[in-house]
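Asks: Handing you this structure, nothing more for now.
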Amino acid sequence: MRIGIPKEIKTHEYRVGATPHSVRELVAHGHTVLVQQGAGAAIGLPDEQYRAAGAEVVGAAEEVFARAELIVKVKEPQPHECRLLRPDQVLFTYLHLAADPDQARLLLASGATAIAYETVTSPSGGLPLLAPMSEVAGRMAIQAGATYLEKPRGGAGVLLGGVPGVAPGRVAILGGGVVGYNAARMAVGLGAEVTVADTSIERLRRLDELFAGRIRTRHATAGAIEALVLKSDLTIGAALVPGARAPRLVRRDWLARMQPGSVLVDVSIDQGGCFETSRPTTHADPTFVVDGVVHYCVANMPGAVARTSTFALNAATLPFVLALADKGPTRALADDPHLANGLNVREGRIACAAVAEALESA
């Protein structure tokens, strides 16, 4: 199979769909890999490494899309890329269609088959291709929050860890999944006072055991979330409903009662955001302020640590890319129900029920 790896074009996105190590594996399986010139250069993966791994390096994205049968990316295709897709082609990448009806319309019009990393499942019920970036984003959320709590950045001037004689900052984490767990690890490591809220008592029980008393847990009723957010210096939005739009957990009218200079970091922004006031931002312009509260809503947070993120993501995606290439998409999807759960668009139709429901209600 001919596999195409275009250079990412989203603002400040430096990750790449395949590393030279991944290319070497694909070539060893008899596949042709087309890598766009400079696709990995920003993270220390020059074209020479791709050539040495057996890839053909081509100059333009248009050539990659024109020749490849399987396109492997990181972020959702931008409008220009969507228009390069064709009916006999498979796209394998993050899509997050529930919050992006414009992209959905373009993918439907292309006729291509689109498989989303974020809805591929595992036998245990997890999301193996979302998990590595959720780990990164959860850890980064605390770094970003700590940075924007600094007074010159618009925050209240709070040090999350405090110092002797001064109380630490208070961190609220809404969602106790992969993002929430990793955010809690970072916040606890800094010495912050951490509370995790989730609707699953079993998940809260597990977090309580893992952190052995170093965090507080709350059942995530609306009242509990309101009380928690109003007294926190930093709130992390980590809610996820696979394939669907994120639930709105923080209301606009709460903001005026929050701590002045407090910070909201919305890791759920790819799925529409879990704060009522959220809107996507970029690494070039990451924050905005509403009622004195700083919002950080960067839609590709792991792109800031692109080298780490690329290698983590490739370790998870490579077995699925090999299956699609070795078997062909039809058989690969038929053989693996967990990969089939990643199917979002096929033959001009939405193939994922959660995505379809979210788009219908948008």
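The values are calculated or read from the model by the stated rules, or taken from the named source; none is laboratory data. Every value quoted in this text rests on a predicted model; they were computed, and no experiment measured them. Cβ placement follows ideal geometry from the backbone for every residue including glycine, while neighbour counts extend to all protein chains displayed.
Asks: Any residue at all in region 323-341 that is of a type outside the set (D, E, K, R) and part of a loop (DSSP other than H, G, I, E, B)?
Replies: Checked against the condition, which is being of a type outside the set (D, E, K, R) and part of a loop (DSSP other than H, G, I, E, B), region 323-341 yields at least one hit.
Asks: For region 309-335, how many residues are of a type outside the set (A, V, I, L, M, F, W, C), under 23 Å from the mean Cα position of the chain (by Cα) and crowded, with 17+ Cβ neighbours inside 10 Å? Don't jump to the end; show me each part of the working.
Replies: Taking region 309-335 as the starting set, the residues that turn out to be of a type outside the set (A, V, I, L, M, F, W, C) are 309-310, 314, 317, 319, 326-331, 335.
Checking the rest, the ones that are also under 23 Å from the mean Cα position of the chain (by Cα) come to 309-310, 314, 317, 319.
From the residues that got through so far, the ones that are crowded, with 17+ Cβ neighbours inside 10 Å too are 309-310, 314, 317.
Here the count works out to 4.
Asks: Give region 236-273 a look and list any residue that's within 14 Å of the chain's Cα centre (by Cα) and among the aliphatic types (A, V, I, L, M), or say none. It would help to see each step written out before you state the result.
Replies: Restricting attention to region 236-273, the residues satisfying the condition of being within 14 Å of the chain's Cα centre (by Cα) are 237-246, 265-273.
Scanning region 236-273 gives A238, A239, L240, V241, A244, A246, V265, V267, I269.
Asks: I've got another one for you. Which of the following residues is surrounded by 16 or more Cβ atoms within 10 Å (Cβ to Cβ), in the same structural domain as E13 (by TED's automatic domain parsing), free of Cβ contacts under 8 Å to residues at least 40 places away in the same chain and not in a strand (DSSP E or B): G54, G38? Reasoning before the result, please.
Replies: Working: G38 fails: surrounded by 16 or more Cβ atoms within 10 Å (Cβ to Cβ).
Just a single option satisfies the conditions, and that option is G54.
Asks: Is at least one residue of region 80-91 assigned to a helix (DSSP H, G or I) and within 15 Å of L318 (Cβ to Cβ)? Working first, answer last.
Replies: Filtering region 80-91 for residues assigned to a helix (DSSP H, G or I) gives 80-82.
Retained after the next criterion (residues that are within 15 Å of L318 (Cβ to Cβ)): none.
No, region 80-91 contains no residue that is assigned to a helix (DSSP H, G or I) and within 15 Å of L318 (Cβ to Cβ).
Asks: Identify all residues within region 128-179 that are surrounded by fewer than 20 Cβ atoms within 10 Å (Cβ to Cβ), touching a residue at least 40 places away in the same chain (Cβ under 8 Å) and either over 20 Å from the mean Cα position of the chain (by Cα) or within 19 Å of M258 (Cα to Cα) (or both); write none if there are none.
Replies: Residues satisfying the conditions are K151, R153, G154, A156, G157.
Asks: What are the pairs with Cβ atoms under 6 angstrom where one residue, in region 245-270, is closer than 17 Å to V158 by Cβ and surrounded by 22 or more Cβ atoms within 10 Å (Cβ to Cβ) and the other, located anywhere, is of a type in the set (S, T, Y) and at pLDDT 95 or above? Sequence gap at least six, or different chains.
Replies: Hits for this filter: V263/Y148; L264/T235; V265/Y296.
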